[in-house]
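Heads up, the thing below is written out as structure tokens.
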Amino acid sequence: MAIGVMVLLIAVFIIIVLTLLRFKKLKHEIFAFFLIVLILFAFFSFTMAFKGKNIAISNVSDVDSAVKIYLSWFGNAFNNVKVITTQAIKMDWGSNKTA
């Protein structure tokens, strides 16, 4: 009986170690996923913000103007989401019911 308990404890210990290793790997996979999403978001948002603008980053003043354009675009995007959300909340959703 003592050998059976010892085997059970070793099996539980191995399962715990493997589970912890899996969570560690999962943590890295989640971090990599969010990093990829962040890079893709940055790429597409920069592309949208600077579409139709002749931006050449050759000195500090050009970087300053590019940052101002991007932050202005980003702020306006959040403002648009806020306006749409506010308008959706104000709508009379009760009139959509059919009897």
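Any read-out appearing in this document is the output of simple, stated calculations on the displayed coordinates, not a laboratory observation. Remember, it's a predicted structure, so these values are computed and weren't measured experimentally. As a convention, Cβ positions derive from the backbone with ideal geometry for all residues, glycine included, and neighbour counts pool all protein chains shown.
Some observations on this one:
- Reported label for calculated log10 I(q)/I(0) by the Debye sum over Cα atoms at q = 0.12, 0.16, 0.21 Å⁻¹ given (i) -0.34, -0.61, -1.04; (ii) -0.42, -0.67, -1.02; (iii) -0.73, -0.90, -1.07: (iii)
- Karplus-derived HN-Hα couplings along the range 20-27 (A = 6.51, B = -1.76, C = 1.60, θ = phi - 60°), whole Hz, x at Gly and Pro: 5, 5, 5, 5, 5, 5, 4, 4
- Positive dipole terminus of the chain, leading residue within 72, 61, 20 (C-beta point charges): 20
- Potential extension, residue 41-residue 7 segment - 0.36 nm per residue separation minus Cα distance: 7.2 nm
- Distance between the pseudo-spin-label points of residue 90 and residue 48 (7 Å out from Cα toward the beta carbon): 2.3 nm.
- Label positions at residue 76 and residue 19, each projected 7 Å from the Cα along the C-beta direction, are separated by 5.3 nm.
- Partners for residue 90 among lysines (Cα-Cα distance below 17 Å; same-chain residues under 8 apart left out): 82
- Of 66, 88, 32, the one that fluctuates the most in a GNM where the chain has Cα springs shorter than 10 Å: 88
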